[in-house]
Amino acid sequence: MLEISKLKKSFGRSTVINDVSFTVQENEVVALLGPNGAGKTTLINLISGHLRPDSGRIMLNGKEITHAPPHVRIARGIARNFQITHLFEELTVLDNVRNCIFSVQGKLGRFFKPAGAYKEATEEAMEILATFSIDHLAPELGANLSEGDKKVLDTAMAFALKSKFLLLDEPTSGVATSDKFKVMDTIIAAIRKRGTATLIIEHDMDIVSDYSQRVLVLAEGVILANGEPEQVMNHKRVKETLFGVFE
Amino acid sequence: MGLIYTLNGLYFAAFLFLTSLGLNIILGVMGILNLAHGSLYAVGGFVAAFLIGLMAGGPIALTIPAAFLAAIAIAAAVGFVLETTLLKHMYSRALEYQLLITFGILMFVEDAIKLVFGGESIYASAPMDGMGAMNIMGHTYPKYYLFVMLMALLAGACIWWLMAKTRLGIMLRAIEMDRDMAHAMGIPMRKLSIFAFALGAGLAGLAGAMVVPTTPAVLGMGMDPLIMAFIVVVVGGLGSLKGALLGSVIVGLTRSFTIAYYAEMEMPLLFLIAVTILVARPQGLFGQS
Amino acid sequence: MKYYLLNPKAAAYLVALILLLLLPQFVSGYHITQVQIGLAMGILALGLNLLLRYTGVLSFGHGAYFASGAYAVGLLNMYFPEHFSFELSILAALVVSVIVSAIFGFVCVRHTKVFFSILTLALSMLLFAILEKAYHFTGGSDGIRIPMPTFFGHEFEMRKYPFLIGPYYYIVVGVFSAAVLTMLAIVNSPFGKALQATRDNEVRAEMIGIRVKRHRWYAFVISGGFAGLGAAVWSFSAGHITPEISMWVFSGEIVYMVLLGGFMIYEGPIVGAILFTYLNLYAKATTEYWMLIMGATLVTLVMVLPGGITGGISSLYTLLKPKKS
C-alpha cells in the first residue's frame, strides 16, 4: 500500500527525518510512537504533501508521490487529520465536512448552485457527522465548538475524504479522558468497515496496544523498532527512549 | 549632461530617502502602512513655506534652520496627536482598518491644511535664491540642491546612529523583529510606538520643508511623494536603512534619466520595477526575508 | 431555482427590487442618476467583497479592474464608434477586466496579508501610469467621453439626461439585480464554500484537496469581472472617464464603501456603495472642506462602527431581540 524508502528531511542544519524506510500493508493499522521532537508529525507532513522531502521516495499503490502536490495525493487516496485542530472556523460544521465531500466528488469548482442544494453530498456529510456523534452540531460554526468536539470534527474531516490510506496525528489529544476510548472505538470501527490502511500517532500505550497491529518507533529521525506491539514494547532501546526505563 | 542627470537623480534620491525613511520606520516598528505619510510631508511643507514667507528679507542662515526645525516639530506633533488618539487602537486590528484609518487621516489632514493655511499656493524660494548657484564642469547648478543632498545624508547618519548605537534604537529594532517577544521582554511599547510615529512624521515634515524652496507649497503636494516613497520601500526592502538609501538612489536615478530621455516612461517604469521586485523578492532588494 | 424561492431572503429581495423599479415615481431625476451610480458602484463593491470577506485578502488596487472595464467601453467608442452599443460595451468591459485581473491576479495570489495589498496597489498604479502616459492611445489625463449607446440595435431618440433617468435607469437596475443574484449564488456554491475554507485555514484547505492559489486566482478574476461590469454601467452615467479611477485613492474609496456598508454581511457593500455616493455628494455640495467630512466619517467608522451600517443594525437587532431563556 504505502512504501517509504530512505526518506530524509532537514530544516536548516537540523535533520529531522534521517533515512526512514517502512511499509504499511492494506487493512493494516500501524501505530507510530516516539518521544516529542522525534519527527513524527514531520513524517506525516511529508507523506501528506504538506512538506517535501530532501531525498528518498514515497510510493502509494506502486505509484510514486514523493513530490506530488497535496491535491494529487488526496485524489490517489491519502487523507490526514491534524494534531492541533485545523478547521474552517467561520464555516458551519456541516460545511467543514461537506467541503471534503465536494473535494472527493471533484465539485469544488462548481459555481451557481448553492452547496445546500447538493443533496447527496449533504446527506453523506451528515452521515459522517452522525458516525462521530456530532451531527447535532451541524449548523454551528466551527469556532463555537468545544475543544473536544473540534478535535472530533478534525478527524471526521479526514474520514470524509474517503481515503485508502489515513494518517492520524493524535486523534484523541484534547478529547476528554472519559471519551477517549469511545472516540477511538468510533475511529477504528470506521477504519475496519472501509478497510482503510492507517498510520496513527498516539501517546497512550493502552490505545496503542488495543488498536494497532504493528508499531513503529521513531527517535531522533530514525526508525528504532518495527514489529508487533508486545515485541516492540519490550525492546530495550525502546524502553529507554519512550519510557525512560533503563535495565 | 550625464553628470547633471546623475546629480539631479541624487537630488531626487535625497528627498525620496527622507520621505521613505519615515514611512519605513512606521511600517517596520508599527506594522502599519501609513497612507497619511504624504499629508505629514505636506504639513512640513506648508509650515516651512509659511515661516520662510514671514521671515522674508532675513538672513537665510537663520531662516533655513528656523523653518526646517519648525516643520519637523509641527509634523512630529501632529504625528504624536494621531498616534495617541487614533493609531494606538489599531495595532491589533485587521489590515483593512489599519489602512483605512490612515486613509481617513489623509483626507482629514489635507483639508485641515487648507483650513489653516488657506487654499492658495505659498511660494518660498528665498533660501534657494539666497544660496545662489555654482559651476560644476561648465554647468551652473543650484547650491541648494547640493545642500539638500547633504541634509539627507546627515539625517540618514543620525537615524543610523540612533538605530545602531543607542538603547532606544536597539529596542525599536527588537519591536521590528518580533512585537510579541519585545512586549514580553518588558520593552515600553507604548512610549516607543509614539516615538517611532512622531519620528517618522518629523522626517516626513523635514522632507516637505526642504522641497518648498524649489516648488511652492500646494494642496495635495504630498500625494506623489507618498507613492514614490512607497516604491522606495518596496524596492529597498522593509526595515532596512541601507535598503532605503540604495532604493532611493535607484529610484532617483531612474527618474532623472527617464525624464531626460523618455519622460513618458518615468512612472510606468518605476511601477514596473516595484511590481517586478514585489513578485520576485517581496522582502525587497535589501530586506531580510 | 426552488432553493431561492424557499430562501427567506427572497421576499426581501423582491420588495427591494419593486422599490427600485418604482423609485422614479417618487424622487426627482437628480436622485435617479445618483442611485444609478450607487448601484453601479454596488456591483464593484460586491466584487471587492468577494476578495475581502470570502477570500480573506484586501485588494487596495481594485480601481485597476474598474478602469479596465471603463476604458474598454471608452476605447470601443473611440476606435469603433460604429459598433458602439450597450451590449458590446458590457461584453468588452467584462472581457478586458477579466483579462487584466487574470494577469494581475496571477502574481497577486502568491501573497496574502499586507503584501497582497501592496502588490495590488502597485499594479493599479502601473495601469494608472500607462493610461495617463499613453495619451495618444487613451487620451491621457483628459480621459475619454462616453456618449449614449445603442441598445440591441435600438437607438433612443432622446437627449442624454432623459435617457439616463428613463430607460437607462431600468437597464442599470436589471444588470445590478443579475449581478447581486450571481454573486449570491457564487458565495453559496461549493466554489464559494471552498474559497471561504482557504480564508479560514489555508493549510487545511490544501489538505482536503483545494488548490488554494488557483482557487484564490479564480476569485480574483471573478472579482475583477464584477469591477469591470460595474465600471461599464457606471461609465454611461458618468459620461466621461479619466485615468484617476485606476489611482490608489479611488481604490481606497472602494474599500471605504465596503466598510461603510459592512463587509461581514452579503448585502453590506451594496448599502455602502449607495450611502457612499450620497455622502460624497452631500459633503461636496455642502462645504469646500468635504474631505474633512469624508475623512472624519471614515475615522469614526473605523473606531466605533467596524461592522459598518449593516453590521451596526444587525448587532443592534441582536441586542434588542428578546433572549431565549
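The values are calculated or read from the model by the stated rules, or taken from the named source; none is laboratory data. Please read these numbers as outputs of a predicted model, since none were measured by experiment. Positions of Cβ are generated from backbone atoms using ideal geometry, with glycine treated the same way; all protein chains shown enter the neighbour counts.
Between C:Ile241, C:Ile254, C:Ile270, which is touching a strand residue (DSSP E or B) at 6+ places or on another chain (Cβ under 7 Å), modelled with pLDDT of 95 or more and surrounded by 21 or more Cβ atoms within 10 Å (Cβ to Cβ)?
Of the residues listed, the single one that is touching a strand residue (DSSP E or B) at 6+ places or on another chain (Cβ under 7 Å), modelled with pLDDT of 95 or more and surrounded by 21 or more Cβ atoms within 10 Å (Cβ to Cβ) is C:Ile241.
I need a count of the residues in region B:199-233 that are assigned to a loop (DSSP other than H, G, I, E, B), within 14 Å of chain C (Cβ to nearest Cβ) and crowded, with 24+ Cβ neighbours inside 10 Å.
So in region B:199-233, the residues assigned to a loop (DSSP other than H, G, I, E, B) come out as B:212-216, B:218-222.
Going one step further and asking which of them are within 14 Å of chain C (Cβ to nearest Cβ), we end up with B:219-220, B:222.
Now drop any that are not crowded, with 24+ Cβ neighbours inside 10 Å, which leaves B:222.
Here the count works out to 1.
Kindly check whether there is at least one residue in region C:268-281 that is touching a residue at least 24 places away in the same chain (Cβ under 8 Å), of a type outside the set (D, E, K, R) and facing chain B (nearest Cβ under 8 Å).
Looking through region C:268-281, none of the residues is touching a residue at least 24 places away in the same chain (Cβ under 8 Å), of a type outside the set (D, E, K, R) and facing chain B (nearest Cβ under 8 Å).
Quick check, is B:Thr6 surrounded by fewer than 21 Cβ atoms within 10 Å (Cβ to Cβ), in contact (Cβ under 8 Å) with a residue 60 or more places away in the chain, more than 14 Å from chain C (Cβ to nearest Cβ) and among the β-branched types (Val, Ile, Thr)?
When the stated conditions are applied, B:Thr6 passes them.
Quick one: would you say C:Thr198 is under 20 Å from the mean Cα position of the chain (by Cα), of a type in the set (Val, Ile, Thr) and within 14 Å of another protein chain (Cβ to nearest Cβ)?
No, not satisfied.
Output the residues belonging to region C:103-121 that are more than 7 Å from chain B (Cβ to nearest Cβ) and either closer than 16 Å to B:Val235 by Cα or under 21 Å from the mean Cα position of the chain (by Cα) (or both).
C:Ile103, C:Phe104, C:Gly105, C:Phe106, C:Cys108, C:Val109, C:Phe116, C:Thr120, C:Leu121
Here are the criteria: (1) exposed (fewer than 14 other Cβ atoms within 10 Å of the Cβ); (2) free of Cβ contacts under 8 Å to residues at least 60 places away in the same chain; (3) farther than 30 Å from B:Ala280 by Cα. Tell me which single one C:Ala16 does not satisfy.
With (1) exposed (fewer than 14 other Cβ atoms within 10 Å of the Cβ); (2) free of Cβ contacts under 8 Å to residues at least 60 places away in the same chain; (3) farther than 30 Å from B:Ala280 by Cα applied to C:Ala16, the lone miss is (1).
Table: residues versus (1) part of a helix (DSSP H, G or I); (2) at pLDDT 95 or above; (3) in contact with an Asp or Glu (Cβ under 9 Å, 6 or more places away or on another chain).
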position	(1), (2), (3)
B:Leu3	yes, no, no
B:Thr6	yes, no, no
B:Phe15	yes, no, no
B:Thr19	yes, no, no
B:Ile32	no, no, no
B:Ala77	yes, yes, no
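Looking at the structure I just gave you, is C:Ala92 in contact with a Leu (Cβ under 7 Å, 6 or more places away or on another chain), at pLDDT below 95 and aliphatic (A, V, I, L, M)?
Spelling it out, it is not the case that C:Ala92 is in contact with a Leu (Cβ under 7 Å, 6 or more places away or on another chain), at pLDDT below 95 and aliphatic (A, V, I, L, M).
For A:Gln105, state whether it is free of Cβ contacts under 8 Å to residues at least 24 places away in the same chain and either surrounded by 23 or more Cβ atoms within 10 Å (Cβ to Cβ) or more than 7 Å from chain C (Cβ to nearest Cβ) (or both).
For A:Gln105, the condition - free of Cβ contacts under 8 Å to residues at least 24 places away in the same chain and either surrounded by 23 or more Cβ atoms within 10 Å (Cβ to Cβ) or more than 7 Å from chain C (Cβ to nearest Cβ) (or both) - is met.
Just the residues that are touching a residue at least 24 places away in the same chain (Cβ under 8 Å) and part of a loop (DSSP other than H, G, I, E, B), please, taken from region C:106-121.
Hits for region C:106-121 are C:Val109, C:Arg110, C:Thr112.
Has region C:315-325 got at least one residue that is in a helix (DSSP H, G or I), under 23 Å from the mean Cα position of the chain (by Cα) and at negative phi?
no
What number of residues within region C:242-254 satisfy the criterion of being touching a Leu at 6+ places or on another chain (Cβ under 6 Å) and facing chain B (nearest Cβ under 8 Å)?
The total comes to 1.
Here's a check for you: in region A:69-81, which residue that is within 7 Å of chain C (Cβ to nearest Cβ) and surrounded by 24 or more Cβ atoms within 10 Å (Cβ to Cβ) is farthest from A:Met184 (Cα to Cα)?
Among them, the one singled out is A:Ile74.
Assess whether A:Phe111 counts as being out of contact with any strand residue (DSSP E or B) (no Cβ under 9 Å at 6 or more places or on another chain), more than 12 Å from chain C (Cβ to nearest Cβ) and more than 15 Å from A:Asp95 (Cα to Cα).
No, not satisfied.
Looking at region A:44-66, which of the residues that are within 17 Å of A:Ser163 (Cβ to Cβ), more than 14 Å from chain C (Cβ to nearest Cβ) and out of contact with any helix residue (DSSP H, G or I) (no Cβ under 8 Å at 6 or more places or on another chain) is surrounded by the most Cβ atoms within 10 Å (Cβ to Cβ)?
A:Met59
Hydrophobic (A, V, I, L, M, F, W, C), assigned to a helix (DSSP H, G or I) and facing another protein chain (nearest Cβ under 10 Å): does that describe B:Leu99? Spell out the reasoning first.
Working: hydrophobic (A, V, I, L, M, F, W, C): yes; assigned to a helix (DSSP H, G or I): yes; facing another protein chain (nearest Cβ under 10 Å): yes.
In short, yes.
Determine, yes or no, whether B:Ala244 is out of contact with any Phe, Trp or Tyr (no Cβ under 7 Å at 6 or more places or on another chain) and assigned to a helix (DSSP H, G or I).
no
In region C:282-306, what residues are of a type in the set (D, E, K, R) and either more than 11 Å from chain B (Cβ to nearest Cβ) or part of a helix (DSSP H, G or I) (or both)? Working first, answer last.
At the first step, the residues of region C:282-306 found to be of a type in the set (D, E, K, R) are C:284, C:288.
C:Lys284 - this is the single residue of region C:282-306 that is of a type in the set (D, E, K, R) and either more than 11 Å from chain B (Cβ to nearest Cβ) or part of a helix (DSSP H, G or I) (or both).
Within 10 Å of another protein chain (Cβ to nearest Cβ), touching a residue at least 60 places away in the same chain (Cβ under 8 Å) and surrounded by fewer than 23 Cβ atoms within 10 Å (Cβ to Cβ): which single residue out of C:Ile165, C:Ile171, C:Ile186 fits that description? Before you say what the answer is, go through the steps one by one.
Numbers: C:Ile165 fails: within 10 Å of another protein chain (Cβ to nearest Cβ); C:Ile171 fails: within 10 Å of another protein chain (Cβ to nearest Cβ).
After ruling out the rest, the residue left standing is C:Ile186.
Filter region B:109-125 down to the residues that are touching a residue at least 24 places away in the same chain (Cβ under 8 Å), crowded, with 20+ Cβ neighbours inside 10 Å and in a helix (DSSP H, G or I), then identify the one that is farthest from the other protein chains (Cβ to nearest Cβ).
B:Ile113
Restricting attention to region C:126-137, does a residue exist that is surrounded by fewer than 17 Cβ atoms within 10 Å (Cβ to Cβ) and of a type in the set (A, V, I, L, M, F, W, C)?
The answer is yes; a qualifying residue exists.
Any idea which of C:Ser68, C:Ser124 is more than 14 Å from every other protein chain (Cβ to nearest Cβ), part of a helix (DSSP H, G or I), closer than 22 Å to C:Ile43 by Cα and out of contact with any Leu (no Cβ under 7 Å at 6 or more places or on another chain)?
None of the others qualify; the one that does is C:Ser68.
What is the number of the single condition among (1) under 18 Å from C:Gly209 (Cβ atoms); (2) without any contact (Cβ under 8 Å) to a residue 60 or more places away in the chain that A:Ser48 does not meet?
If we test A:Ser48 against (1) under 18 Å from C:Gly209 (Cβ atoms); (2) without any contact (Cβ under 8 Å) to a residue 60 or more places away in the chain, just (2) comes out false.
Any chance region B:278-286 includes a residue that's part of a helix (DSSP H, G or I), facing chain C (nearest Cβ under 10 Å), touching a residue at least 24 places away in the same chain (Cβ under 8 Å) and buried (at least 20 other Cβ atoms within 10 Å of the Cβ)?
For region B:278-286, residues part of a helix (DSSP H, G or I), facing chain C (nearest Cβ under 10 Å), touching a residue at least 24 places away in the same chain (Cβ under 8 Å) and buried (at least 20 other Cβ atoms within 10 Å of the Cβ): present.
Matching residues to (1) under 18 Å from B:Ile32 (Cβ atoms); (2) in contact (Cβ under 8 Å) with a residue 40 or more places away in the chain:
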{"position": "B:Ala152", "(1), (2)": "no, yes"}
{"position": "B:Ala164", "(1), (2)": "no, no"}
{"position": "B:Leu172", "(1), (2)": "yes, yes"}
{"position": "B:Glu176", "(1), (2)": "yes, yes"}
{"position": "B:Ala182", "(1), (2)": "yes, no"}
{"position": "B:Met189", "(1), (2)": "yes, no"}
{"position": "B:Ile194", "(1), (2)": "yes, yes"}
